[in-house]
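Participant: Quick one: the structure is below, and I'll ask about it shortly.
Just so you know, all these numbers are worked out from the coordinates, no wet-lab data involved. Everything numeric in this text was worked out from a predicted model, so none of it was measured. Every residue, glycine as well, gets a Cβ built from its backbone with ideal geometry; the counts of neighbours run over all protein chains shown.
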Amino acid sequence: MMAAATELEVRGELRSNEPMSRHTSWRVGGPAETFFVPDSIADLSAFLAGLDADTPIFWHGVGSNLLVRDGGLPGVVISATKVLRKLERNSDDTVTAGAGVPCTQLARQCVRWGLGPSEFFAGIPGTVGGALAMNAGAHGGETWERVASVHTIDRAGLLHERSPQDYTVGYRSVRGPDNEWFVEATFYFDPDVTPSMDAMKDMLERRKTTQPLGLPSCGSVFRNPPGDYSARLIEAAGLKGHRIGGAEVSTKHANFIINREDATAGDIEALIEHVRLTVLEVHGVSLQHEVRIVGEATV
């Protein structure tokens, strides 16, 4: 399947059968066949260039919006958060951030620089790369509203510069060139908008009081349907506190599913599907996943 990843000359960390439960916010998930943490962009490029064309590749950030099934992930999981940490101000109104930069860090630094509107990034629980991949948003702002350009890397290890016009962007949805992954993005801000550190702190405090942040979860499981909220529909269907195995619909925020007690990925996926079918039956609304579900189920 691979051009024997163990034979590639790489400087980064290369692990076999790495439990993905160590790398997801739900704390569940089977093993990655190969888990690679590159040492540099050059190391990443060389690694990609040495892989067989049919090797599955999965890019991993902090695992905050991800459910890896109990059977794990075949091929290679690339965790590039170690090297993609660039965060620089380019001009009076533009900033370049690597795909591995946490969105909260981007928000805090932009507020310090006086660049706005940027506070909403603090409400996104993942990295810049994940936010770009799904057009993540919070508190009325969305990632791609601020994108001036992106740099990507393809499976041959070649770098590309792309403009927003190369992508079709919607609500929690981004489609672009196949087999390319985000390395960094340049964001533009409005010179006449002054961000507020107090407003950002208020957003973070609101998250703390309305979401079960002290327990393993992935954030919002479902996208909000047009004109409504998934959490309202789930709560109105009587699903708060419903459990399958160790997985539970949060009693604090109904669009969160928490790992209450040694849940498996199978428990969580079964509960997600139960919630989806119940809301469809009760309200006639088909909820769409915001969480990404990947990997192989156990037999």
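Participant: Under the Kirkwood approximation applied to all pairs of distinct alpha-carbon atoms, what is the hydrodynamic radius of the chain in Å?
Facilitator: Taking every pair of different Cα atoms in the chain, averaging 1/r and inverting gives 20.1 Å.
Participant: Ordered by residue, what ³J(HN,Hα) values in Hz, to whole numbers, does region 241-255 give under the Karplus form 6.51 cos²θ - 1.76 cosθ + 1.60, where θ = phi - 60° and Gly and Pro are x?
Facilitator: x, 5, 10, 10, x, x, 9, 9, 6, 4, 7, 8, 8, 5, 8
Participant: Return the long-range amide H neighbours of Val77 (sequence gap of 5 or more, or a different chain), with a cut-off of under 5 Å between placed amide H atoms.
Facilitator: It is Thr34, Phe35, Phe36, Phe58, by chain and number.
Participant: Among all stretches of the chain without exposed chymotrypsin sites (Phe, Trp or Tyr not before Pro) (DSSP loop, at most 15 other Cβ atoms within 10 Å), which one is longest? The partial results should precede the final answer.
Facilitator: Working: sites that count: Tyr171, Tyr229.
Segment 1-170 is the longest.
Participant: Hey, another quick one. Using DSSP loop states and a limit of at most 12 other Cβ atoms within 10 Å to flag GluC sites (Glu not before Pro), what is the longest stretch of the chain containing no flagged site?
Facilitator: 10-260
Participant: Setting aside same-chain residues fewer than 8 positions from Lys240, which aspartates and glutamates have a Cα under 12 Å from its Cα?
Facilitator: Glu248
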